[in-house]
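The values are calculated or read from the model by the stated rules, or taken from the named source; none is laboratory data. Just so it is clear, the structure is predicted and the values come from calculations on it, not from any experiment. Here Cβ is always computed from backbone atoms with ideal geometry, including for glycine, and neighbour counts include all displayed protein chains.
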Amino acid sequence: MAKIEQCRFLDNYWDGLALFGLAGSAHVKDSVFQGNADHGVDVWGGAKLVLESSKCERNSKSGIVVSGVKSLA
């Protein structure tokens, strides 16, 4: 599991952070996902996300998207 702390995902062309597949997993803490052209965080295809004390705001579409069987956030 990737550990991400105190990071800013700003104004990206697509998602701020994308996790895909059963091996895709992250624990994100004290971070910001803002102004991304699609989603702040996209979790799909069985990936897993723990999001703690973070902000997802002003992204073009959704702040957090979770899709697909076994995907968790």
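A quick yes/no check of all residues on (1) touching a Phe, Trp or Tyr at 6+ places or on another chain (Cβ under 7 Å); (2) modelled with pLDDT of 95 or more; (3) of a type outside the set (G, A, S); (4) assigned to a loop (DSSP other than H, G, I, E, B):
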site: D15; (1), (2), (3), (4): no, yes, yes, yes
site: A18; (1), (2), (3), (4): no, yes, no, no
site: L22; (1), (2), (3), (4): no, yes, yes, yes
site: V28; (1), (2), (3), (4): no, yes, yes, no
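Which residue is farthest from L72 (Cα to Cα), if the candidates are limited to the stretch 27-53 and must be small (G, A, S) and crowded, with 21+ Cβ neighbours inside 10 Å?
Once the filter is applied, the top-ranked residue is S31.
Being surrounded by 14 or more Cβ atoms within 10 Å (Cβ to Cβ) and over 11 Å from the mean Cα position of the chain (by Cα) is the filter here; which residues of the stretch 12-23 pass it?
N12
For F9, only one of the following conditions fails: (1) modelled with pLDDT under 95; (2) crowded, with 16+ Cβ neighbours inside 10 Å. What is its number?
(1)
Going by the structure shown, is V66 assigned to a strand (DSSP E or B), of a type outside the set (F, W, Y) and free of Cβ contacts under 8 Å to residues at least 24 places away in the same chain?
yes
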